[in-house]
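Single-structure report; data block below.
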Protein chains: 2
Amino acid sequence: MPDELKLNAGPVTLRRRALDAARGLLAAGGVDGLHLRAIAAEVRSGVATLYHHFADKNALLAALAIEGWEELARAIEQAMGSGKFPRRIDAASRAFLTFIRRNPQLYALMQTEQALAANDAVRAAERAAFAVFQSSFEGDDRVPPERVEEVSLTIWVLGRGIASAVLMQGDDDPGAAGRLVAKVISGFGFLLSPRFAD
Amino acid sequence: MPDELKLNAGPVTLRRRALDAARGLLAAGGVDGLHLRAIAAEVRSGVATLYHHFADKNALLAALAIEGWEELARAIEQAMGSGKFPRRIDAASRAFLTFIRRNPQLYALMQTEQALAANDAVRAAERAAFAVFQSSFEGDDRVPPERVEEVSLTIWVLGRGIASAVLMQGDDDPGAAGRLVAKVISGFGFLLSPRFAD
DNA sequence: AGCACTTGTCGAACTCTGTTCGGAAGGTCT
DNA sequence: AGACCTTCCGAACAGAGTTCGACAAGTGCT
């Protein structure tokens with residue numbers, strides 16, 4: 001994680017360091033490889049100390065997920081403003097896929113950790129990220145305002161599916177993930193084109 | 001699980017009973033609530049005994065997932081042959097969504113359990129199920145043969161995304177899942193229609 | 001200064017998992 | 001009868017999250 005991506009300013013508390021360490025361990029070993037004792041060792045504290053900064057392990061994972069959604073939202077926002085794509089939805093979608101490719105384990109946590117499904121704060125952060133994504137359709141004359149929600153939701157959900165499929169692929173073939181994404185995008189493009197006459 | 005859905009014939013071995021018990025516990029409490037001791041208690045055996053029928057817990061989960069993919073493949077096949085929909089892809093998609101709605105926890109295991117990502121047998125079962133799904137496009141004149149793979153993959157992945165989104169929703173609002181699915185399908189339909197001019 | 005209270009810290013212990021070990025019971029060959 | 005294999009199990013082990021009780025350092029009040 002380069003410094004310029006860290007918008008987590010403020011004092012470097014133990015909580016902050018623990019979250020950073022957890023993020024590193026998460027990227028290295030996935031959720032299953034993320035243990036409190038390892039985090040504690042990384043920040044040179046006792047395990048019990050972590051419980052003074054997080055209610056329990058789920059709270060720590062939730063904090064991680066929330067920061068993930070916020071980061072994704074910022075990435076989408078920034079991509080939309082960059083003007084590199086003629087259509088903002090294309091920039092937003094690309095930012096989404098880039099985030100997944102760069103933070104697969106973090107995104108897996110954000111998306112599939114059942115223990116976070118009941119966490120209101122996490123879901124609020126996800127809704128906020130989706131709202132940013134949805135805003136990429138503003139001013140797009142191809143979809144009328146009353147359709148924007150369902151259309152953006154469809155693409156958002158397709159993105160979730162792509163992430164899910166990519167994550168489930170083994171790491172044996174490094175190019176497999178890229179080819180899979182390319183196929184899906186190509187297939188989607190065909191379905192959107194007039195060649196597909198319903 | 002009604003009896004007519006059980007195509008797991010053969011002798012009622014302990015392995016078979018353990019899998020059935022596991023499936024019940026899975027549906028009740030999710031993967032996180034599935035413990036070997038609970039399974040052992042359910043089939044009235046010792047925990048160690050389970051290790052004579054499964055190499056470890058992952059092997060048991062893998063067996064569960066494989067049966068899930070096989071069951072999904074059968075459901076899709078059956079739906080395509082029923083003729084209730086004019087287009088076979090519609091029947092197949094419907095069967096997919098029905099399976100997810102009826103077996104959310106099992107599908108979550110099949111789709112997102114990282115421990116199964118490296119299991120070849122599970123992934124082969126998934127590929128087989130996808131092959132059945134893909135066959136629903138045979139004879140569909142809207143998509144040329146060379147496009148069938150990527151188009152069916154796109155819809156398959158969209159289904160994964162829907163499942164993922166539904167599973168992440170809390171259980172607080174029972175109708176939320178249905179509304180979400182409806183929105184996505186509606187949005188997808190709009191994108192496919194000529195009204196969406198790219 | 002003295003005292004109470006809060007905060008941050010930690011080692012040790014507890015519970016609950018998956019897992020392994022050694023042995024017992026029962027069948028099937030030679 | 002003896003050797004072997006399969007199936008079974010209680011007990012113990014190791015590794016996770018979690019809780020407990022205590023200690024140190026600061027802060028505010030008298």
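The values are calculated or read from the model by the stated rules, or taken from the named source; none is laboratory data. Predicted model, so just to flag it, every value in this text is computed and none were measured. Heads up, the Cβs are rebuilt from the backbone with ideal geometry, glycines too, and the neighbour counts pull from every protein chain shown. Accessible surface is based on the protein model in full, side chains and every heavy atom, while ligands, DNA and RNA are left aside. Shrake-Rupley method; radii C 1.70, N 1.55, O 1.52, S 1.80 Å.
The table for this structure:
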{"quantity": "Assigned charges on the beta-carbon of Lys, Arg, Asp, Glu; the protein assembly as shown dipole about Cα centre (debye)", "calculated": "260 debye"}
{"quantity": "Highest-fluctuation residue, A:Leu34, A:Leu72, A:Leu106 considered, GNM on chain A with Cα pairs under 10 Å", "calculated": "A:Leu34"}
{"quantity": "Angle in degrees between helix B:176-192 and the longest Cα principal axis of chain B, rounded to the nearest 10", "calculated": "40 degrees"}
{"quantity": "Residues in the range A:54-92 that a label on A:Asp120 would reach, taking backbone N under 20 Å of a point 7 Å out along Cα→Cβ", "calculated": "A:54-67, A:69-70"}
{"quantity": "Nm distances between copies for A:Asp173, ranked from closest, using label points 7 Å along Cα→Cβ", "calculated": "4.0"}
{"quantity": "Calculated [θ] (222 nm, deg cm²/dmol) that DSSP helices of n ≥ 4 give over chain B, each run adding -39,500 (n - 2.57)", "calculated": "-22000 deg cm²/dmol"}
{"quantity": "Using a 7 Å Cα-to-Cβ projection, B:Asp140 label spacings across copies, nm, ascending", "calculated": "2.3"}
{"quantity": "Highest to lowest packing among B:119-127, B:62-70, scored as the average C-beta count within 10 Å", "calculated": "B:62-70, B:119-127"}
{"quantity": "Distance between the range B:35-86 and the range B:121-198 - C-alpha centres, whole angstrom", "calculated": "24 Å"}
{"quantity": "Choice from B:Gly175, B:Gly24, B:Gly46 showing the highest fluctuation, given a GNM over chain B with Cα pairs closer than 10 Å", "calculated": "B:Gly175"}
{"quantity": "Residue-averaged beta-carbon neighbours from other chains (10 angstrom radius) around B:191-197", "calculated": "6"}
{"quantity": "Per-residue average of Cβ from other chains inside 10 Å of B:104-114", "calculated": "3"}
{"quantity": "Nearest beta-carbon to the A/B symmetry axis - residue in chain A, distance in Å", "calculated": "A:Gly161, 1"}
{"quantity": "Karplus-derived HN-Hα couplings along the range B:100-105 (A = 6.51, B = -1.76, C = 1.60, θ = phi - 60°), whole Hz, x at Gly and Pro", "calculated": "4, 5, 7, 10, x, 5"}
{"quantity": "Heavy-atom accessible surface that B and A bury in contact, both chains counted, 1.4 Å, Å² to 100", "calculated": "4300 Å²"}
{"quantity": "Cα-based helix-to-principal-axis angle, A:14-29 vs chain A, degrees rounded to 10", "calculated": "60 degrees"}
{"quantity": "Label spacing, shortest first and in nm, from B:Val12 to its equivalents in the remaining copies (7 angstrom along Cα→Cβ)", "calculated": "6.4"}
{"quantity": "For chain B, size of Cβ-based charge dipole, Lys and Arg +1, Asp and Glu -1, in debye", "calculated": "360 debye"}
{"quantity": "Solvent-accessible area per residue for the range A:57-198 (1.4 angstrom probe, square angstrom)", "calculated": "43 Å²"}
{"quantity": "Chain B: most fluctuating residue of B:Ser152, B:Ser45, B:Ser164 per GNM, C-alpha cutoff 10 Å", "calculated": "B:Ser45"}
